[in-house]
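Here is the structure we will look at.
Each reported figure results from applying straightforward, stated rules to the coordinates on display, with no laboratory input. Quick caveat, the model's predicted, so the values are computed rather than measured. All Cβ positions, glycine included, derive from the backbone under ideal geometry; neighbour counts span all protein chains shown.
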Amino acid sequence: MKTKCRLCCLFLLLLMLIGCSQTITTAPEVTFTTITGAKIALNELRGRPVIVTFWATDCRSCIEEIPDLIDLYNQYHAAGLEMIAVAMYYDPPNHVVDMTKAKQLPYHVALDLDSAHAQAFGGVMFTPSTFLIAPDGSVVDKKIGLFDRVKMKESIESLLKG
């Protein structure tokens, strides 16, 4: 009985935490710094669909979705899709660099050393958290946890057709 009560309390706490993150409808005005030192201003990517995904090297779901992200990038980048993977503030930068090299990530990888990007995206607390941004800068989809690859492909294709 105590275990059931604890599970209920944990579930309620989780729901409260999820409710604390704000819903954003427009991409924030942020500039990412990649692990190679490049600066990417999100507003300069207007006119193209963009995926921004918050991840961590110790997150199993994040690692699990990397092949899907790579496939999406490889399939749609030439048509205009941009992608930025943002490592959470608590992820050691050397782990992020090592994982990026080991997984041969073809898309931009940025660090969020002070959690400013996570805050700008509505207070991201859970990984993976993935945002699909339309060419006009509106956030058309937000997914906490693994995203549905088929749905994401359909959304990207719809945005690319304009």
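Annotations for the structure displayed:
- Antiparallel DSSP beta bridges within the range 85-146, percent to nearest 5: 60
- Charge dipole (Cα centre; +1 on Lys/Arg Cβ, -1 on Asp/Glu Cβ; no other charges) of the range 110-149 amounts to roughly 140 debye.
- Taken over the C-alpha atoms, the chain has Rg and Dmax values of 16.2, 56 angstrom.
- Within the range 24-161, percent of DSSP bridges classed antiparallel, to nearest 5: 60
- Taking Cα atoms only, the orientation of helix 2-20 departs from the longest principal axis of the chain by about 30 degrees.
- Cut-off 12 Å between beta-carbons: net charge of the residues surrounding residue 149, Lys and Arg +1, Asp and Glu -1: -3
- Nonlocal Lys pairs with alpha-carbon distance under 21 Å, the chain (8 or more apart, or different chains): 8
- For the range 25-32, Karplus couplings with θ = phi - 60° (6.51, -1.76, 1.60), whole Hz, Gly/Pro x: 10, 10, 4, x, 7, 10, 10, 8
- Across the range 88-95, coupling constants 3J(HN,Hα) worked out from phi with the 6.51/-1.76/1.60 Karplus curve, θ = phi - 60°, read 5, 4, 7, 7, x, x, 5, 5 Hz, and Gly and Pro carry x.
- Between residue 114 and residue 143, full extension at 0.36 nm per residue minus the direct alpha carbon distance yields a gain of 8.2 nm.
- For the range 41-120, the set of trypsin sites (Lys or Arg not before Pro) satisfying both a DSSP loop assignment and a count of at most 16 other C-beta atoms within 10 Å is given as 46.
- Gain upon complete extension [residue 151, residue 89; 0.36 nm per residue less C-alpha separation]: 19.4 nm
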